[in-house]
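**Student:** Here you go, one structure.
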């Protein structure tokens with residue numbers, strides 16, 4: 001499977017969708033047909049029946065008709081893959097028989113990311129699809145806020161920095177239209193109000209503007225500030241570069257070239273100091289690294305935090321600590337095609353095996369722009385298939401990166 005095959009699945013507005021071809025190109029979709037759903041919210045039946053209804057609703061929508069070819073690709077595959085993880089997350093209560101799929105949106109984004117990465121879908125298009133899948137149900141209930149007191153305006157502002165809100169609304173509308181549910185009209189009304197509020201805020205097609213990066217970072221951290229008014233900064237802490245990316249993605253090389261001489265906090269270095277192999281007593285390794293970071297933060301010194309930071313949960317732990325110490329954070333994400341990662345790792349002097357990296361893919365969440373004041377993406381796109389070479393040989397001499 002590659003990008004051209006996926007692009008060939010995308011129909012013109014109002015056209016028939018070739019679902020048989022979709023199953024042929026993306027075999028994982030076949031599992032959806034054998035996956036049940038809660039009959040209260042999905043009286044139409046299994047996940048594949050629902051998915052086809054969603055895709056058809058989207059392809060016949062005004063939003064899809066108004067979109068250009070690249071945006072249609074994003075919209076179509078967001079709808080096609082939005083429930084891709086329901087088979088893996090389905091839970092049926094043994095007593096009541098109630099069906100649920102907890103966490104299917106977040107897991108679905110990861111599954112879609114791996115699939116689209118391997119197919120060579122361009123980074124920006126891929127990540128927009130994955131971000132939509134992550135929050136595809138959010139417009140259903142965002143108007144009510146949440147237990148933390150989050151307002152619809154905050155939700156829309158944050159989303160506007162992460163994805164095109166109009167696309168999210170289009171997919172959410174299709175998701176609700178593509179089901180048999182007695183209460184769906186009320187939800188469709190809420191989605192439309194959500195869309196209108198985003199339009200009124202100027203957030204449908206572009207990020208909500210902020211007075212400066214610091215105000216934006218504090219706003220997304222929960223500070224009671226208004227985006228248009230710069231927040232006075234009482235204390236300026238360390239300047240910190242936080243690295244993120246797969247093992248063997250070139251983080252060490254980037255740091256050597258772009259931040260020479262700065263102290264580096266590294267889990268690999270912490271393991272070496274503690275005499276531990278990769279995967280052994282990771283809690284002790286993390287504790288050691290955090291202690292070193294706190295010393296530098298208390299002194300207000302600049303440094304680099306060099307780690308994979310693959311999951312949002314791991315990045316949040318690091319970023320929360322840095323922001324608590326008033327640090328200025330520059331988050332740098334690096335990415336390469338899968339074959340490059342495995343080839344590089346095979347040549348490194350490391351206890352981390354390629355099969356360990358493959359397991360790490362299922363924790364892979366690319367940073368979003370709202371996570372730090374500055375987020376940069378350095379991505380090597382996959383070459384077209386006819387230009388690609390086999391770079392997976394382990395025969396080359398091993399050396400440190």
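**Student:** Name all residues of the range 48-67 having a backbone nitrogen under 15 Å from the label point set 7 Å from the Cα of residue 5 along its Cα→Cβ direction, giving them as ranges.
**Tutor:** Counting only backbone N, you get no residues.
**Student:** For the pair residue 23 and residue 230, what calculated FRET efficiency results from E = 1/(1 + (r/R0)^6), where r is the Cβ-Cβ distance and R0 = 45 Å, to the nearest 0.05?
**Tutor:** FRET efficiency, residue 230 to residue 23: 0.30.
**Student:** Could you state the angle between the C-alpha long axis of helix 338-347 and the longest principal axis of the C-alpha atoms of the chain, as a value from 0 to 90 degrees rounded to the nearest 10?
**Tutor:** That helix lies at roughly 20 degrees to the long axis.
**Student:** Here's another thing I want to ask about it. Short version: what are the Cα gyration tensor semi-axes of the range 11-87, square root of 5 times each eigenvalue, largest first, in whole Å?
**Tutor:** Ellipsoid semi-axes (Å, largest first): 22, 14, 10.
**Student:** Give me 82, 77 sorted ascending by neighbouring Cβ count inside 10 Å, so fewest comes first.
**Tutor:** 77, 82
**Student:** I'd like the distance separating the alpha-carbon centroids of the range 196-222 and the range 303-318, in whole Å.
**Tutor:** 24 Å
**Student:** Sort 92, 132 by Cβ crowding within 10 Å, fewest neighbours at the top.
**Tutor:** Result, fewest neighbours first: 92, 132.
**Student:** Let me ask something additional. In nm, give the distance between the simple-model label positions of residue 91 and residue 205, each being 7 Å from the Cα along the Cα-to-Cβ direction.
**Tutor:** Between residue 91 and residue 205, the label points sit 4.3 nm apart.
**Student:** Running a GNM on the chain with Cα contacts under 10 Å, which residue among 42, 288, 182 ends up with the highest mean-square fluctuation?
**Tutor:** Of 42, 288, 182, the most mobile in the Gaussian network model is 182.
**Student:** Could you line up 96, 89, 318 from fewest to most neighbouring Cβ atoms inside 10 Å?
**Tutor:** So the residues, fewest neighbours to most, are 96, 89, 318.
**Student:** Still on this structure, I have one more. Using only DSSP helix segments of four residues or longer, with each worth -39500 (n - 2.57), what per-residue ellipticity at 222 nm results for the chain after dividing by its residue count and rounding to 500?
**Tutor:** Using -39500 (n - 2.57) per qualifying helix, the result is -14000 deg cm²/dmol.
**Student:** Relative contact order (percent) for the range 239-387, with alpha-carbon contacts under 8 angstrom and 6 or more residues of separation?
**Tutor:** Once normalised by length, the contact order is 35 percent.
**Student:** Still on this structure, I have one more. In Å, what is the Rg of the alpha-carbon atoms in the range 3-200, and how long is Dmax?
**Tutor:** 16.1, 49
**Student:** Let me ask another. Scan [x] 19.8, 65; [y] 21.1, 70; [z] 22.5, 64 for the value of Rg and Dmax of the Cα atoms in Å calculated from this model and give just the label.
**Tutor:** Entry [z].
**Student:** Compute the separation of the alpha-carbon centres of the range 87-107 and the range 148-194 and state it in Å as a whole number.
**Tutor:** About 22 Å separates the Cα centre of the range 87-107 from the one of the range 148-194.
**Student:** Expressed as a rounded percentage, what relative contact order does the range 3-200 have, with Cα pairs under 8 Å and six or more residues apart?
**Tutor:** 23 percent
**Student:** If you average the C-alpha positions of the range 10-73 and of the range 230-261 separately, how far apart do those two centres end up, in angstrom?
**Tutor:** One Cα centre to the other: 41 Å.
**Student:** Along the Cα→Cβ direction, 7 angstrom out, place labels at residue 46 and residue 34. What is the inter-label distance in nm?
**Tutor:** Each label point lies 7 Å from its Cα, and together they span 0.8 nm.
**Student:** Any idea how far apart residue 349 and residue 151 come out in nm if each label point goes 7 Å out from Cα toward Cβ?
**Tutor:** Rounded to a tenth, the inter-label distance reads 5.7 nm.
**Student:** In degrees, nearest 10, range 0 to 90: what is the angle between the Cα axis of helix 47-59 and the longest Cα principal axis of the chain?
**Tutor:** Taking Cα atoms only, the helix is inclined about 80 degrees.
**Student:** Which of these, 94, 380, 335, has the largest mean-square fluctuation under a Gaussian network model of the chain (Cα springs below 10 Å)?
**Tutor:** Residue with maximal mean-square fluctuation among 94, 380, 335: 94.
We did not get these values from a lab; they are worked out from the coordinates using the rules stated. Predicted model, so just to flag it, every value in this text is computed and none were measured. Cβ sites come from the backbone with ideal geometry, for glycine too, and all protein chains shown count toward neighbours.
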